[in-house]
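Accompanying notes for the structure given below.
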Amino acid sequence: MIDDLKKHLAEVENFSTDNLDTVESFRIKYLGKKGLLNQFFAEFKNVSAEDKKEYGQTINELKDKTTKKVNDLKNQLNNKKVLNKKFQDLTRPSEPIEIGARHPISIVKNQIIDIFSRIGFNVSEGPEIEDDWHNFTALNLPEHHPARDMQDTFFIQTNPDILLRTHTSSVQVRYMENNKPPIRTISPGRVYRNEAISARSHCFFHQIEGLYIDKNVSFADLKQTLQFFTNELFGKSKIRLRPSYFPFTEPSAEVDVYWGLESETDYKMTKGTGWLEIMGCGMVDPNVLENCGIDSKIYSGFAFGMGIDRIALLLHQISDIRLLSENDIRFLEQFKSAL
């Protein structure tokens, strides 16, 4: 009797059809009220005591495999039926394809890269986990320098010399160490600072910094480059440079673009002045050049840096920087028509 059960097990395993009626006949044959399984269960009382365990296990296996086989075939054939019905009409409109959207950070970053690539700047990248030398010391910020306090840093606890980079200037240091002048590069990337998260600030954000090193580079070259950039990105060519301080540039300046006062939003953004700060810049300090193996008596250069997040907030009139990192589909879908 157990051998008979095993023959039916093999039959169930090998059973296949592309007809739903045949599947139903197969189900009735085994699982119907007068089906074989009920007959095998009825015979259980006649099985010898030593064979009852094996007989019971085999009949349960037969029931499970038969039930699974019937369900799988029905699902398969029903799905096939739906698909055939769906695609047999060749004039039927196709399924709409969801159009993806670039993230606003990517949109603005690509715009900035495109502008600077037109005047000869290439793109350089570096690690987000940095060492003290590339993030601070090489940039004219030796240990205990008070300017280090300007940037609240995330240090790696097991090694105080390893940290999350606070600016992409560290990429410029690496680039200068491995390339000889003339150098013309921009360095986009994510940076980290231990700041309170609010609508206007975050503990991580994105920067893009530029570097130009060559013979006889002057502050006039810097201003002309920034003039070209602001005109291409904002459509506004009126800028001003205010004296400022950065440890790795001397002289240093903050760059403002004249945004205008044409709307209430303009008044809010510029605090009624019409001017909007967009970046910092300056001539590369000779100490930085020497730290990177470049002769400061022969070469000079300028550097500049801006927050991509800040530019994105301006260009797309986004009120809260946190929206850029929360992956809210409702927010991101607004940029489907952007570049």
**Prompt:** Which of the lysines could be linked to Lys63 by a straight reach, that is with a Cα gap under 20 Å, when you skip same-chain ones fewer than 8 residues away?
**Reply:** Lys6, Lys7, Lys29, Lys33, Lys34, Lys45, Lys52, Lys53, Lys74
**Complete:** With +1 at each Lys and Arg Cβ and -1 at each Asp and Glu Cβ, the charge dipole magnitude of segment 2-87 around its Cα centre, to the nearest 20 debye, comes out at 600 debye
**Prompt:** What is the dipole size for the chain, taken about its Cα centre, with +1 at each Lys and Arg Cβ and -1 at each Asp and Glu Cβ, in debye to the nearest 20?
**Reply:** 1500 debye
**Request:** Order by neighbour count: Val70, Val191, Val284, Val123, fewest other Cβ atoms within 10 Å first, most last.
**Result:** Val123, Val70, Val191, Val284
**Message:** Apply the Karplus curve 6.51 cos²θ - 1.76 cosθ + 1.60, θ = phi - 60°, to the phi angles in segment 283-297 and return the couplings in whole Hz, x for Gly and Pro.
**Reply:** 7, 4, 4, x, 4, 5, 4, 5, 4, 9, x, 10, 6, 6, 7
**Asked** What Kirkwood hydrodynamic radius do you get for segment 107-166 when you take the inverse of the mean 1/r over all pairs of distinct Cα atoms, in Å?
**Response** 13.6 Å
**Asked** For the charge dipole of segment 2-87, defined by +1 on Lys and Arg C-beta atoms and -1 on Asp and Glu C-beta atoms about the Cα centroid, which residue among Leu77, Ile28, Ser16 has the Cα displaced farthest towards the positive pole?
**Response** Leu77
**Message:** Among Ile197, Thr66, Tyr245, whose Cα projects farthest towards the positive end of the dipole of the chain, with charges put on the beta-carbon of Lys, Arg (+1) and Asp, Glu (-1)?
**Reply:** Thr66
**Complete:** Among (1) 16.7; (2) 32.1; (3) 23.3, the value of mean projected area of the Cα convex hull in nm² computed for this structure carries the label (2)
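What 222 nm value per residue comes from the helices of the chain, counting each DSSP H run with n ≥ 4 as -39,500 (n - 2.57) and dividing by all residues, nearest 500 deg cm²/dmol?
Calculated from helices alone, the mean residue ellipticity at 222 nm is -12500 deg cm²/dmol.
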**Message:** Placing unit charges on C-beta atoms (Lys and Arg positive, Asp and Glu negative, everything else neutral), compute the dipole magnitude of segment 167-209 about its Cα centre in debye, rounded to 20.
**Reply:** 80 debye
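Return a single number: how many Lys pairs in segment 104-335, at a sequence separation of 8 or more or on separate chains, have alpha-carbon atoms below 18 angstrom apart.
Numbers: Lys180/Lys215; Lys180/Lys297; Lys215/Lys223; Lys215/Lys297; Lys223/Lys236; Lys223/Lys238; Lys238/Lys271.
Number of lysine pairs found: 7.
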**Request:** Just rank Phe155, Phe229, fewest to most, by other beta-carbon atoms within 10 angstrom.
**Result:** Phe155, Phe229
**Message:** Using Cβ counts within 10 Å as a stand-in for footprinting exposure, how do Thr91, Thr185, Thr137 rank, fewest first?
**Reply:** Thr91, Thr137, Thr185
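Throughout, read-outs are computed from the coordinates displayed, never taken from laboratory work. Worth saying up front: this structure is predicted, and the values here are computed from it rather than measured. All Cβ positions, even for glycine, are placed from backbone atoms using ideal geometry, and neighbour counts span all protein chains on display.
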